[in-house]
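First the structure, in the form of structure tokens, and then the observations on it.
Just so it is clear, none of the values below were taken in a lab; they were calculated from the coordinates. Because the structure is a prediction, the values reported are computed rather than measured. A quick note on method: Cβ atoms are made from the backbone with ideal geometry, for glycine too, and the neighbour counts reach across all protein chains shown.
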């Protein structure tokens with residue numbers, strides 16, 4: 001009997017240990033988690049603070065909040081060149097503070113490639129692929145790109161910022177920031193130390209074809225109506241180099257009413273896709289009522 | 001803070017072409033190089049190697065191919081006495097990769113290659129069968145048809161040159177595409193000039209003199225970046241049995257091609273099926289394969305394949321169009337169908353949307369770019385690998401048809417165009433017709 005008791009005791013001990021072991025591990029894990037959450041919260045706070053600081057700095061650098069809020073729309077035209085491949089295109093853009101956006105790129109011999117946002121509908125239309133409704137992450141990205149004054153949206157379009165180093169571009173000393181967007185993507189910004197203007201951006205963009213890494217250098221900043229705009233952008237995507245030269249920029253210019261209406265082909269697509277959209281009940285793209293009047 | 005136009009990406013993507021520009025067989029210029037020209041050639045060599053090294057998707061393979069050869073070829077460029085010698089060294093390095101879409105188009109020859117003055121046509125298309133050059137198609141109203149040449153005839157001599165030894169030489173190269181290009185050159189020349197052909201018909205041999213005709217004004221000329229405009233041919237016919245037949249000679253000129261395709265399928269939506277002829281089509285803008293495929297599929301989320309660059313992967317996504325074509329589709333392919341043609345054929349076959357008739361394609365399906373070098377030459381280089389949705393890599397292999405129709409003079413005489421007839425029989429559900437081997 002004694003031996004049986006002994007075995008029972010050992011069995012009970014093992015059983016206890018068996019129960020205790022994960023319990024100890026769990027406690028340790030929870031403690032670690034709490035620590036990590038606290039650390040994360042602290043870094044989140046720091047990230048948000050840095051983002052707010054960066055927004056303030058950027059607004060000041062491009063001309064100040066008053067200048068940015070003075071106008072309600074912008075019209076731009078640019079020349080796009082891929083010199084190596086012998087290609088050129090004309091790019092025109094319209095964007096307003098109500099969130100309307102229309103961009104059109106005419107490539108000689110290839111036609112008009114368009115993209116836009118009208119109300120809740122984000123779309124693209126081109127002579128090769130026809131009309132398409134832009135949805136999901138791509139739509140979020142398009143909305144971000146189509147902000148009338150993106151500097152005013154920095155803290156709303158991003159979760160946080162972190163310092164990612166320093167680099168001198170040409171003779172311009174820059175601080176590098178990693179900006180985390182609301183959908184989790186991290187974009188790198190090179191901000192000049194002396195004037196606070198953005199000189200380079202590195203990001204991976206969402207496209208129907210997948211994710212495309214792209215680098216953009218901004219230069220030749222000039223003020224238009226008191227707001228600084230880069231008049232030259234050099235882009236690199238894989239082996240391709242592209243240059244965008246800004247030709248004209250007007251604030252609150254008269255626009256064709258057509259700019260604010262959906263192209264007929266897109267309208268048809270919207271009509272056809274309504275039942276499908278209702279089924280999938282697409283989520284709103286972070287545009288709350290209070291935000292929607294100030295894109 | 002910063003806005004990135006989404007449309008910029010489109011332009012960057014458009015630049016990538018899947019087009020076999022045809023960079024072979026052009027003699028280099030033999031003038032002696034001046035010291036300034038030599039500098040330009042050396043700069044061009046360095047630029048060429050830099051761009052390829054920067055973009056090649058398999059650095060280990062590149063190193064394996066180039067290794068010490070790169071320095072050796074550079075030395076050859078430095079020592080070259082003529083432009084021809086310098087280009088030969090550059091081409092030697094490109095050829096060591098043993099891949100399509102790596103080529104050099106000489107400055108002076110790029111015009112000749114792609115535009116006038118050699119764009120006069122004899123109006124016949126030749127393919128190789130058992131070491132013989134066979135006429136497989138005659139253009140309606142073309143010089144060859146007017147002179148009495150018939151489909152199924154054999155061409156023995158071009159001018160004074162016997163074709164047989166050359167066909168042998170080309171077949172030994174292992175490239176399915178080389179004879180296509182060479183035979184195309186044999187059937188083209190300066191408009192208004194004449195060339196003799198020794199033709200073997202069903203009963204006798206005869207010499208036929210053909211006068212090269214300029215491309216019809218009906219064909220718009222379309223270019224792409226550094227490439228001079230070339231005639232774009234779009235053919236539409238309604239075949240017996242109410243079948244829509246469309247033929248496209250290259251994937252360029254979207255402003256012409258896309259509305260043409262759309263109009264054809266909208267006007268004939270009651271036809272029993274569509275035969276899309278991509279035989280001899282060397283490719284062009286990869287994006288156009290997606291655009292055309294968009295008319296042939298109904299559902300979202302379909303891709304033709306994936307382009308794998310050194311930095312990322314890009315999918316050839318198809319955007320389905322409203323009121324697209326829902327009837328059966330037959331694609332005609334042959335050894336002259338390259339690049340974008342192969343991407344489209346394999347991609348649509350992967351989802352069972354098309355049935356392929358003809359012969360295995362060129363096996364030259366790499367997305368590439370065309371750039372101007374400091375010496376004025378145009379470099380074409382592949383900047384990505386390509387695999388279809390089913391994981392098939394077509395480079396060097398090609399796309400196999402579902403029904404193989406060999407070049408057979410007797411069948412050609414009987415049916416005119418056996419692959420076309422076979423495809424029509426399939427659409428109509430008819431038995432019999434031309435012989436085919438089903439894969």
Next on the checklist: Within a 10 angstrom radius of the beta carbon, how do B:154, A:53 rank from fewest other beta carbons to most?
Outcome noted: A:53, B:154
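In whole percent, what relative contact order does chain B give with Cα contacts below 8 Å and a gap of six or more residues? The partial results should precede the final answer.
Details: 946 pairs, mean separation 76.8, N = 439.
RCO, chain B: 17 percent.
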Next on the checklist: Taking the beta-carbon count within 10 Å as an exposure proxy, list B:42, B:180 from fewest neighbours to most.
Outcome noted: B:42, B:180
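What are the equivalent ellipsoid semi-axes of the range B:339-436, built from the alpha-carbon gyration tensor (square roots of five times its eigenvalues), in whole angstrom, biggest first? Numbers along the way, then the final one.
Working: eigenvalues 225, 61, 19 Å².
Square roots of five times the eigenvalues give 34, 17, 10 Å.
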Next on the checklist: At 7 Å along Cα-to-Cβ for each site, give me the label-to-label distance between residue B:300 and residue B:164 in nm.
Outcome noted: 6.2 nm
Checklist entry - Full extension from residue A:49 to residue A:77: what is 0.36 nm times the residue separation minus their Cα-Cα distance, to one decimal in nm? => result 6.5 nm
Checklist outcome for this item: Label model pair residue A:171, residue B:81: point-to-point distance (7 angstrom along the Cα→beta-carbon line) in nm is 5.0 nm
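Equivalent-ellipsoid semi-axes (√(5λ), Cα gyration tensor) for the range A:48-292, whole Å, largest first?
Details: eigenvalues 162, 96, 73 Å².
The answer is 28, 22, 19 Å, longest axis first.
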Checklist entry - Dividing the convex hull volume of the alpha carbon atoms of the range A:130-264 by its residue count, what do you get in Å³ per residue? => result 153 Å³
Item to check | Radius, Kirkwood style, for chain B when every pair of distinct Cα atoms is counted (Å) | outcome: 22.8 Å
Checklist entry - Using alpha-carbon pairs under 8 Å, 6+ residues apart, how would you state the relative contact order of the range B:120-211 in percent? => result 32 percent
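Convert 20 °C to kelvin, take the viscosity as 1.002 mPa s, use the Kirkwood radius over C-alpha pairs of the range B:120-211 as Rh, and evaluate the Stokes-Einstein diffusion coefficient in µm²/s, rounded to a whole number.
Working: Rh = 13.1 Å.
Estimated via Stokes-Einstein, D reaches 164 µm²/s.
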Checklist entry - Once the protein assembly as shown is represented by equal point scatterers at the alpha-carbon sites, with solvent omitted, what log10 I(q)/I(0) does the Debye formula produce at q = 0.05, 0.06 Å⁻¹? => result -0.32, -0.45
